[in-house]
Amino acid sequence: MLRKRIIPCLDIKDGRTVKGVNFVDLQDAGDPIELAKKYSDIGADELVFLDITATHEKRKTLAKLVERIARNVSIPFTVGGGVRSVEDADVLLHAGADKIAVNSAAVKRPELLTELADKFGNQCVVLSVDAKNTEDGWKVHLVGGRERTDIDLFDWVKKAEQLGAGEILFTSMDHDGTKGGFALEALQKVDELVSIPVIASGGAGKEEHFSDLFQQTEISAALAASVFHFQTIEIPELKHKLAQENIPVRTV
Amino acid sequence: MKNIVIIDYGAGNVKSVNFAFQRLGYNPVLTDDPKTIKTADYVVFPGVGHAKAAMETIEAKGLSEVIRNLKQPVLGVCLGMQLMCRFSEEGDVNGLGIFDMDVKKFDDQLKVPHMGWNDVLDCSSIMKGVTGQTYFVHSYYVPINQETIASCEYGIKFSASLAKDNFFGCQFHPEKSGKVGEEIILNFLNQ
């Protein structure tokens, strides 16, 4: 049986791991390679690295970091942050990344998804989408949630799938950093609308939130950062609990 | 030291496969040179992406006959394994025909790609003794057949692994499957 995936997310700034609470205050949470190896050893199913300061000049540094991760870690990982072109993606995939996450660049130029899928296959194209539930419904937000668009979340994920995304990483800006649980309703709706896997992100605060996600939605993966980095939730215990509730997880 | 060659024809996961062997203490050669491939002790044929595009590259580099005629242990990984089959529905392209099976697309009712850790079952040959899950990412599959040495279930049962004479294949990514993957790579290197 396909196992539900537990995915720690490592926000990277200048080669270090950071995690912003509601994407504003940043706290240092360690060395990316050591954290990645630790997560791999204790049973993380995948890793996501988001370079939150990716600029053109820093892309080479990121590629070097990606290569060090690939050299040291034997589970799949996704890299995102500032990928705007096939060339950007090519550098990271060739450094050893398994998947590339694109966010704002795909909103601004949706054909990017098709270009990436045509070149590398849709299995390595992750559409990362940040959205907020506004009075006009769920709207896509850009630049780490700071800039609102008029794009409807549900229209966008459907379109992204058609264009070439192979996976959706949906972060609810309303839930991110609150530790109050995942955006279950919106997540289930996204999951029903697309026939590619969906990763839930934003709101994980305790083990029960993962149980709720996997029991109340069909979502196949959950992503979280600070609860793992600061060991509020330990992955082995989390998986043990989920397994006891008959939620299929991988144990190592 | 075992002379391991990873066929480098531009496939995306060449580096990851290389790193996996390096973590186990080996130092593979990455090449598309037919002579180097032919003289290796072990050959690894990686692959991710689109079957038709990959097959065209293999043909353009003149590697089809080379791979087909190898006598040493050969391991096809993911798309590599699918290209070793007769035919793929992905781009309706003929493969190398080493494994006597066609590659089919998963049912539309399922989430595709089949992505994540799934159980490998009914294990024999290089999969003998393997328990637990390996990491899969694919939209096309090889049905169960007499060359199947491990199965997996996603909507239907399909081949997780294949073997025929000196040729082996993994639908999953052993290079991304943690300790279980390492065990499978070592089993291959014991052939």
Checklist entry - Once the Cα atoms of the range B:4-189 are picked out, what are the Rg and Dmax in Å? => result 14.8, 45
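Mind sorting A:156, A:138 by how few other Cβ atoms lie within 10 Å of their own Cβ, fewest first? Intermediate values should be presented prior to the final figure.
Numbers: A:156 22, A:138 26.
If I rank by nearby Cβ atoms, fewest first, I get A:156, A:138.
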Checklist entry - Taking every DSSP beta bridge that has both residues in the range A:5-244, what percent is antiparallel when rounded to the nearest 5? => result 35
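At a Förster distance of 60 Å, what's the computed FRET efficiency of residue B:71 paired with residue A:143, Cβ-Cβ distance as r, to 0.05? Before the final figure, lay out the partial values.
Values: r = 57 Å, r/R0 = 0.95.
For R0 = 60 Å, the calculated efficiency reads 0.60.
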Item to check | the protein assembly as shown: antiparallel DSSP beta bridges as a percent of all, rounded to 5 | outcome: 45
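Among the listed pairs A:38/B:2; A:64/A:239; A:37/B:176, give every one whose C-alpha distance is greater than 24 Å.
Numbers: A:38/B:2 30 Å; A:64/A:239 32 Å; A:37/B:176 13 Å.
Check vs 24 Å cut-off fails for A:38/B:2; A:64/A:239.
What Kirkwood hydrodynamic radius, in Å, does the protein assembly as shown give when the mean of 1/r is taken over all pairs of distinct Cα atoms and then inverted? Write down the numbers at each step before the final one.
On the way: mean 1/r = 0.0457 Å⁻¹.
For the protein assembly as shown, the Kirkwood estimate is 21.9 Å.
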Checklist entry - Going toward the positive end of the dipole of the range A:52-207, with +1 on Lys and Arg Cβ and -1 on Asp and Glu Cβ, which of A:114, A:160, A:69 do you reach last? => result A:69
Next on the checklist: In whole Hz and in residue order, list the ³J(HN,Hα) couplings for the range A:116-127 that follow from phi through the Karplus curve 6.51 cos²θ - 1.76 cosθ + 1.60, θ = phi - 60°; x for Gly and Pro.
Outcome noted: 5, 5, 5, 7, 10, x, 5, 5, 10, 10, 9, 8
Checklist entry - For A:1, B:84, B:101, what ranking results if the residue with the fewest other Cβ atoms within 10 Å of its Cβ goes first? => result A:1, B:101, B:84
Item to check | For residue A:45, residues with placed amide H under 5 Å, excluding near neighbours | outcome: A:6
Checklist outcome for this item: Going residue by residue through the range A:182-196, the Karplus relation 6.51 cos²θ - 1.76 cosθ + 1.60 with θ = phi - 60° gives ³J(HN,Hα) values, rounded to whole Hz and with x marking Gly or Pro, of 7, 7, 4, 5, 5, 4, 4, 5, 4, 4, 6, 6, 10, 10, 10
Item to check | Unit Cα scatterers, Debye sum, chain A: log10 I(q)/I(0) for q = 0.10, 0.11 Å⁻¹ | outcome: -0.42, -0.52
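How far, in nm, would the chain grow between residue B:186 and residue B:122 when pulled straight, counting 0.36 nm per residue and subtracting the alpha carbon separation?
Values: separation 64, 0.36 × 64 = 23.04 nm, distance 1.90 nm.
So the extension gain works out to 21.1 nm.
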Checklist entry - Whose amide H sits under 5 Å from the amide H of residue B:12, counting only residues 5 or more places off or on another chain, with H placed in the peptide plane? => result B:48
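So which trypsin sites (Lys or Arg not before Pro) in the range A:119-190 pass both tests, a DSSP loop state and at most 12 other Cβ atoms within 10 Å of the Cβ? Display every interim value, and only then the final one.
Working: sites: A:119, A:132, A:139, A:146, A:148, A:158, A:159, A:179, A:189; in loops: A:146, A:179.
Sparse-neighbourhood loop trypsin sites (Lys or Arg not before Pro): A:146.
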Item to check | Between the range B:68-108 and the range B:127-176, the Cα center-to-center distance that results, in Å | outcome: 12
Checklist outcome for this item: Ranked on Cβ counts within 10 Å of their own Cβ, fewest leading, B:141, B:154, B:26 go B:26, B:154, B:141
Checklist outcome for this item: Excluding residues fewer than 8 positions from residue B:52 in its own chain, the lysines with Cα under 20 Å of it are A:119, B:61, B:104, B:105
Checklist entry - Under 16 Å from the Cα of residue A:179, which aspartates and glutamates turn up, not counting those fewer than eight places away in the same chain? => result A:25, A:207, A:208, A:212, A:234
Checklist outcome for this item: Of all DSSP beta bridges with both partners in the range B:4-189, the antiparallel percent, nearest 5, is 60
Checklist entry - Out of residues 5 or more away from residue B:76 or on other chains, whose amide H comes under 5 Å of its own, with H placed 1.01 Å from N in the peptide plane? => result B:45, B:168, B:169, B:170
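No value in this document is a laboratory result; all are computed from the given coordinates. Fair warning: this is a prediction, and the values are worked out from it, not measured in the lab. As a convention, Cβ positions derive from the backbone with ideal geometry for all residues, glycine included, and neighbour counts pool all protein chains shown.
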